[in-house]
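Okay, structure first, notes after.
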Amino acid sequence: MLFASGADLQSINPLLTAHPLAKQVQRYVLLMTLARYDSTLTPQPYLARAWRWSDGGRSLTLTLRTDVRWHDGVRTTARDVAWTLDAARDLATGYPRANDLAALASVAVPDDSTVVLRFTRPAPRDHFPDVLADLAILPAHLLDTVPHARLREAEWNRRPVGNGPFRFVAHESNRRWVFAANLDFPAALGGPPGLDRFIVVVVDEPTTKLAALVAGEIDFAGINPAHVAFVRRHAGLAVIDYPLLYPYGLAFNTRRPPFDDYHLRLAAALAIDRREIVDGYLFGFGGIADGPVPPTVPQYLPVPRLPVAPDSSRRLLAERHPRFEILTVGSGEAPLEQMLQARLAAVGFDVSIRQLELSAFLDRVNGPRHDFAAAVMGVTGDLQLGFLQPLGNVTGTPIPDDAAQAQRVFAEQLPVAWLYHGRGVQGMNRRVLGVRMDVRGELPTVATWRIAP
């Protein structure tokens with residue numbers, strides 16, 4: 001079964017990437033997390049078969065399964081969990097969600113199937129930390145000799161050994177990742193997957209991807225909402241759309257001109273017509289974003305909606321014509337970026353667009369130099385809203401840990417001009433059965449997919 005991706009997976013190592021599809025491949029294909037969310041976003045046992053809180057919510061004891069083995073035959077144990085968590089909370093590693101582990105004081109391993117986590121502050125009642133359902137566990141016996149600061153150089157990244165329903169077979173850079181069914185996956189967890197092979201193929205040009213889907217050369221492809229009607233006309237294809245926790249926005253670098261000036265950030269935000277984007281670019285497959293958190297998430301804080309006010313933008317610019325470059329990922333026509341460029345130019349901004357390959361984009365925007373003025377980006381969200389603080393690091397705006405306060409800072413300081421909360425849209429070949437996609441992503445049920453006889 002061939003699944004198209006618009007870019008190569010940034011890394012197969014869960015400690016090193018925030019790439020949305022890479023994280024799903026880690027969690028649902030190659031590796032296992034301690035717990036996994038069901039379709040109602042309730043955490044369910046996975047590698048950890050049970051857990052309990054004690055000491056007033058400061059101690060979490062995880063009891064692990066004993067029937068899970070790494071694909072090289074070595075048993076998965078508490079030592080693997082401890083090594084992964086210790087590496088994740090070491091800032092030298094560069095784990096994108098390290099802040100979510102800031103309250104983790106210690107990790108103890110009483111025996112091979114028990115892990116005890118101690119926290120510096122009590123957790124809410126019956127709460128399971130989202131980061132433990134997001135971070136896939138890694139094999140300590142293959143990585144513990146590598147210094148945390150050099151994990152990007154580890155041989156494991158090139159030939160990964162997992163413990164999930166699929167095992168790694170091959171990777172051709174910027175072409176494909178090949179995984180085969182793990183025939184030894186525990187029967188209690190569903191046993192071997194229904195697909196013999198799961199292959200991620202890199203197709204960066206949207207029209208090429210669409211043509212390959214129609215021709216039957218690939219089975220899944222994320223499609224532009226404008227192409228939904230075209231795909232639905234083909235009897236052998238279907239369209240799946242599903243909610244995302246993946247807000248899109250125009251992020252500003254507040255460390256340097258021109259967007260170190262709040263008034264210029266406000267001028268840019270007031271110039272943008274979000275309804276135009278939702279209707280004309282998304283064809284209705286999304287909703288206007290007033291902030292980084294969609295209204296469907298429990299911790300959502302309503303904030304005032306910015307109007308479309310080009311005259312106010314011009315007054316804020318006061319005859320200035322700030323010049324800047326919008327960075328984005330891709331190689332096509334960049335219709336969203338062109339819509340932004342046109343609206344911003346209409347009020348007096350001098351805007352150019354630079355499209356980059358994903359790794360180059362991440363290096364410039366997320367890297368330590370933060371070498372950008374503005375960037376169009378989607379942000380992978382999480383239920384605990386831990387993604388808000390790293391976004392503050394990108395834009396140069398300190399974001400408080402409290403979810404409500406964090407949303408107020410985004411609304412008041414405008415480090416990001418939020419655009420929309422989108423829906424995922426996938427075209428699929430009807431020969432693949434058992435497919436379900438939801439707010440968890442495209443791949444949470446991939447182990448149960450099968451090919452029609």
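The values are calculated or read from the model by the stated rules, or taken from the named source; none is laboratory data. Computed from a prediction, not measured in an experiment: that's the story for all the values here. Cβ coordinates were reconstructed from backbone atoms using ideal geometry, including for glycine residues, and neighbour counts include every protein chain displayed. Please note that ligands, DNA and RNA were not included when accessible areas were found on the heavy atoms of the full protein model with its side chains. Shrake-Rupley method; radii C 1.70, N 1.55, O 1.52, S 1.80 Å.
In a residue-by-residue description of segment 174-188, the property of being basic (Lys, Arg) and crowded, with 21+ Cβ neighbours inside 10 Å applies to no position. Within segment 25-40, the only residue that satisfies the criterion of being modelled with pLDDT under 95 and within 16 Å of the chain's Cα centre (by Cα) is TYR37. Each residue in segment 103-121 was checked for being touching a strand residue (DSSP E or B) at 6+ places or on another chain (Cβ under 8 Å) and assigned to a strand (DSSP E or B), and 13 pass.
For segment 143-159, the candidate set comprises residues that are free of Cβ contacts under 8 Å to residues at least 24 places away in the same chain and either in contact with a Gly (Cβ under 6 Å, 6 or more places away or on another chain) or not in a loop (DSSP other than H, G, I, E, B) (or both); within that set, the residue that is farthest from SER11 (Cα to Cα) is ARG150. For segment 139-175, filtering for residues that are of a type in the set (A, V, I, L, M) and touching a Lys or Arg at 6+ places or on another chain (Cβ under 9 Å) leaves 4. On the stretch given as segment 249-270, residues that are open to solvent by 60 Å² or more (accessible area, probe 1.4 Å) and either modelled with pLDDT under 95 or closer than 25 Å to GLY386 by Cβ (or both) total 1. LEU143 satisfies every condition listed in (1) under 26 Å from LEU385 (Cα atoms); (2) touching a helix residue (DSSP H, G or I) at 6+ places or on another chain (Cβ under 6 Å); (3) aliphatic (A, V, I, L, M) except (1). In segment 335-368, which residue that is modelled with pLDDT under 95 and over 19 Å from ASP8 (Cα atoms) is least open to solvent (accessible area, probe 1.4 Å)? That would be PRO335.
Rundown of residues vs (1) closer than 30 Å to PRO368 by Cβ; (2) touching a Lys or Arg at 6+ places or on another chain (Cβ under 9 Å); (3) without any contact (Cβ under 8 Å) to a residue 60 or more places away in the chain, yes/no style:
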residue: MET1; (1), (2), (3): no, yes, no
residue: ASP8; (1), (2), (3): yes, yes, no
residue: PRO14; (1), (2), (3): yes, yes, no
residue: ASP72; (1), (2), (3): no, no, no
residue: ARG79; (1), (2), (3): no, no, no
residue: TRP83; (1), (2), (3): yes, no, no
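When segment 211-222 is filtered for residues that are open to solvent by 20 Å² or more (accessible area, probe 1.4 Å) and either touching a residue at least 40 places away in the same chain (Cβ under 8 Å) or β-branched (Val, Ile, Thr) (or both), the ones remaining, listed by number, are VAL214, GLY216, GLU217, GLY222. Scanning segment 375-398 finds no residues that are open to solvent by 30 Å² or more (accessible area, probe 1.4 Å) and of a type in the set (Asp, Glu).
Does ALA342 satisfy the condition of being free of Cβ contacts under 8 Å to residues at least 24 places away in the same chain and aliphatic (A, V, I, L, M)? The answer is yes for ALA342. Evaluation of THR296 against the conditions (1) over 21 Å from ARG256 (Cα atoms); (2) surrounded by fewer than 17 Cβ atoms within 10 Å (Cβ to Cβ); (3) without any contact (Cβ under 8 Å) to a residue 24 or more places away in the chain; (4) not aromatic (Phe, Trp, Tyr) shows that the sole unmet condition is (3). Determine whether segment 152-169 contains at least one residue that is touching a helix residue (DSSP H, G or I) at 6+ places or on another chain (Cβ under 7 Å) and at pLDDT below 95. No, the conditions are met nowhere in segment 152-169. Among the helices (runs of 4 or more DSSP H) confined to segment 220-285, the ones with at least 1 residues that are closer than 24 Å to LEU316 by Cβ, of a type outside the set (A, V, I, L, M) and more than 25 Å from the chain's Cα centre (by Cα) are located at 262-271, 274-280.
Taking the criterion of being part of a loop (DSSP other than H, G, I, E, B), over 29 Å from ARG364 (Cβ atoms) and either open to solvent by less than 90 Å² (accessible area, probe 1.4 Å) or hydrophobic (A, V, I, L, M, F, W, C) (or both), the residues of segment 305-330 that qualify are PRO307, VAL308, ALA309, ALA318.
Selection of segment 348-375 for residues being β-branched (Val, Ile, Thr) and in contact (Cβ under 8 Å) with a residue 40 or more places away in the chain yields only VAL365.
With a requirement of 1 or more residues that are open to solvent by less than 20 Å² (accessible area, probe 1.4 Å), the strands (runs of 3 or more DSSP E) lying completely within segment 1-58 that satisfy it span 2-5, 35-37, 48-54. Any residue in segment 83-100 that is of a type in the set (Asp, Glu), open to solvent by 40 Å² or more (accessible area, probe 1.4 Å) and modelled with pLDDT under 95? Yes; the residues of segment 83-100 include at least one that is of a type in the set (Asp, Glu), open to solvent by 40 Å² or more (accessible area, probe 1.4 Å) and modelled with pLDDT under 95.
Would you mind finding the one in TYR242, TYR262 that is aromatic (Phe, Trp, Tyr) and within 25 Å of GLN24 (Cβ to Cβ)? Full working, then the answer.
Numbers: TYR262 fails: within 25 Å of GLN24 (Cβ to Cβ).
Testing whether each residue is aromatic (Phe, Trp, Tyr) and within 25 Å of GLN24 (Cβ to Cβ) leaves just TYR242.
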